[in-house]
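Undergrad: Quick one: the structure is below, and I'll ask about it shortly.
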Amino acid sequence: MDLLSLARTVKHRVEAPLTDALSLARIATDPRNPVLLTLSTALVNPLYRAAFLASAAGSGVLGCLAVRPCDLDSLAEYLEVPQDDRPRLRAWLDTGVRLGELGTREGCYRLRSPAARLLALPGNDAVAATLEEILRFHVPVLLDAPRMLSAGRRFSLADQDGTVIARSSLALRAMVEAALDRTLDREGPVRLLEVGCGTGAHVRYAAEANPRLTAVAVDLQEDVAARAADNMAAWGLADRVETRQGDLRTLDLQPQFDLVTLHNNIYYFPEDERVEALRRARALLAPGGRLLLTTSCRGGGNAGLDVLNLWFTYADFGGPLPHADDLAAQLAEAGFTDVRATRIVPGQPFRAFTGTSTGSGAGSPSSVRSVPSVQSV
Ligand SMILES: C[S@@+](CC[C@H](N)C(=O)[O-])C[C@H]1O[C@@H](n2cnc3c(N)ncnc32)[C@H](O)[C@@H]1O
């Protein structure tokens, strides 16, 4: 080594630690660090945890782990993951461990966080499905709204997973049941038509409350109707409840029903088509029959409902959640008499709307001219 090279090497050895220390100091004092740290603690980590939990609950992994700790192979078998993809399944499960939702012991995965344990309980299925609904449908509208507008894109019914929504809707079950308690005749024979039955759980509640009730349960979505039919069979109700796929707007049924129910789906109809849909529901009622419609309404100051409302604003079907007064007026315009809008829980935006069909001119435009009473509570 000549003298010049030796001098350069010595200089470099002295400068390198200094340079390293300086760049470390620069990295450590980067003003973006505290912002990133705050974001990741307050926003990003909870989002990752929620997404992992929603997926673990929806795929049944939490349910398996609630029964007993499981190793990779038994989870892979349960999920029907091919051999080649098992390392990927392990990577996902290990991420769940690092996020603190799962733990491991003796080569087995187990539930660790309180949230994972709660979501694994069968009684909390509607909560787990609500988390999945939020992540799969609410997050995309918040994320994509401006891009969707630029591209002229809208959500369609196919963008929703009907079976997830059917399960998440049951988060409102207690309020729907309270509305049914106030409306349902528990003794005489009742012919019920439920439009948009989802899982069929509300029809089951009505059938168990009145052993003489028979029902037709209809849902627009094929897979949802098929799942509801399976549920009716499992609940021992297949002989009293006919379940079918169908659209309220084109249902070919006689005006034979004592009660028509629509729970949590009036916003699947565009605002300017709601009167027609309600007329159609009235046309299926026997004289003196009643409508029970339950729905969340606008104006509750609830972020979840705001985003649901936003989703339907960006969809190529349906429309925003109703204003309670507007919907009561639409029932009246559709020819229902004795229209009432009742809050189920004071202060909550969820309401039950009832109306009676006198039977005259059901569904005909002349029925619109009658001036029925409207009461809002
Ligand atoms: C949010 S889910 C509610 C499910 C159930 N009613 C509940 O409250 O648990 C709305 C359901 O209404 C159904 N639906 C929407 N429009 C319909 C129509 N025109 N005819 C029949 N069903 C309809 C959808 O397919 C969906 O399953």
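Readers should treat all values here as calculations from the given coordinates under stated rules, not as data from a laboratory. What you are looking at is a predicted structure, and each value in this text was computed from that prediction instead of being measured. Heads up, the Cβs are rebuilt from the backbone with ideal geometry, glycines too, and the neighbour counts pull from every protein chain shown.
Undergrad: Taking neighbour Cβ counts within 10 Å as the exposure measure, how do Val241, Val81, Val141 sort from fewest upward?
TA: Numbers: Val241 25, Val81 17, Val141 20.
Least to most surrounded, the residues fall as Val81, Val141, Val241.
Undergrad: Over what distance in Å are the Cα centres of region 339-356 and region 147-184 separated?
TA: Taking the Cα centre of region 147-184 as reference, the centre of region 339-356 is 18 Å away.
Undergrad: Express in whole angstrom the spacing between the alpha-carbon centres of region 69-90 and region 226-294.
TA: Here the two parts' Cα centres lie 42 Å apart.
Undergrad: Along its principal axes, what span do the Cα atoms of region 77-139 show, with the longest given first and each in whole Å?
TA: Result for region 77-139: principal-axis Cα extents of 32, 24, 21 Å.
Undergrad: Taking the Cβ of Ala352 as the center, what net charge do the other residues with Cβ under 12 Å away carry, scoring Lys and Arg +1 and Asp and Glu -1? Before the final figure, lay out each step's value.
TA: Working: positive: Arg182, Arg290, Arg340, Arg343, Arg351; negative: Glu177, Asp181.
Local charge sum for Ala352: +3.
Undergrad: Follow-up. Cα-based Rg of region 132-235 per 2.2 N^0.38 Å, rounded to two decimals?
TA: Details: Rg = 17.1 Å, N = 104, 2.2 N^0.38 = 12.8 Å.
Relative to the rule-of-thumb radius for its length, region 132-235 sits at 1.33.
Undergrad: For region 32-120, with only Lys/Arg (+1) and Asp/Glu (-1) charged at the beta-carbon, what is the dipole magnitude about the Cα centre, in debye rounded to 20?
TA: Computed about the Cα centre, the dipole is about 460 debye.
Undergrad: Taking the beta-carbon count within 10 Å as an exposure proxy, list Ser357, Ser169 from fewest neighbours to most. Can you show the working numbers first?
TA: Numbers: Ser357 27, Ser169 22.
Least crowded to most crowded, the residues run Ser169, Ser357.
Undergrad: About its Cα centre, what dipole magnitude does the chain give when the only charges are +1 on Lys and Arg Cβ and -1 on Asp and Glu Cβ, stated in debye to the nearest 20? Can you show the working numbers first?
TA: On the way: 40 positive and 44 negative charges, 181 e Å.
For the chain, the charge dipole is close to 880 debye.
Undergrad: Which of Asp326, Asp125, Asp219 comes first, and how do the rest follow, when ranked by fewest Cβ neighbours within 10 Å?
TA: Numbers: Asp326 12, Asp125 19, Asp219 27.
Least to most surrounded, the residues fall as Asp326, Asp125, Asp219.
Undergrad: Write down, largest first, the equivalent ellipsoid semi-axes of region 99-176 in whole Å, where each equals the square root of 5 times an eigenvalue of the alpha-carbon gyration tensor.
TA: Values: eigenvalues 190, 72, 19 Å².
Semi-axes, largest first: 31, 19, 10 Å.
Undergrad: Under the rule of -39500 (n - 2.57) per DSSP H run of 4 or more residues, summed and divided by the residues of the chain, what mean residue ellipticity at 222 nm is obtained, to the nearest 500 deg cm²/dmol? Walk me through the numbers before you get to the answer.
TA: Working: 16 runs with 175 residues, N = 377.
That comes out to -14000 deg cm²/dmol.
Undergrad: Now, a different point. Would the chain count as rounded, prolate or oblate if I go by the C-alpha gyration tensor, calling it rounded below 1.5 in a/c and otherwise prolate when a/b exceeds b/c, oblate otherwise? Write down the numbers at each step before the final one.
TA: Values: a/c = 3.20, a/b = 2.08, b/c = 1.54.
Taking the square roots of the gyration eigenvalues as a ≥ b ≥ c, the chain is prolate.
Undergrad: Something else: Please report the Cα spread of region 32-120 along all three principal axes, rounded to whole Å, starting with the longest.
TA: 44, 30, 25 Å, listed from the longest principal axis down.
Undergrad: Sort region 165-376 into rounded, prolate or oblate with this rule: let a ≥ b ≥ c be the square roots of the eigenvalues of the Cα gyration tensor; rounded if a/c is under 1.5, and if a/c is not under 1.5, prolate when a/b is larger than b/c, oblate otherwise.
TA: On the way: a/c = 1.39, a/b = 1.09, b/c = 1.28.
In terms of gyration-tensor shape, rounded.
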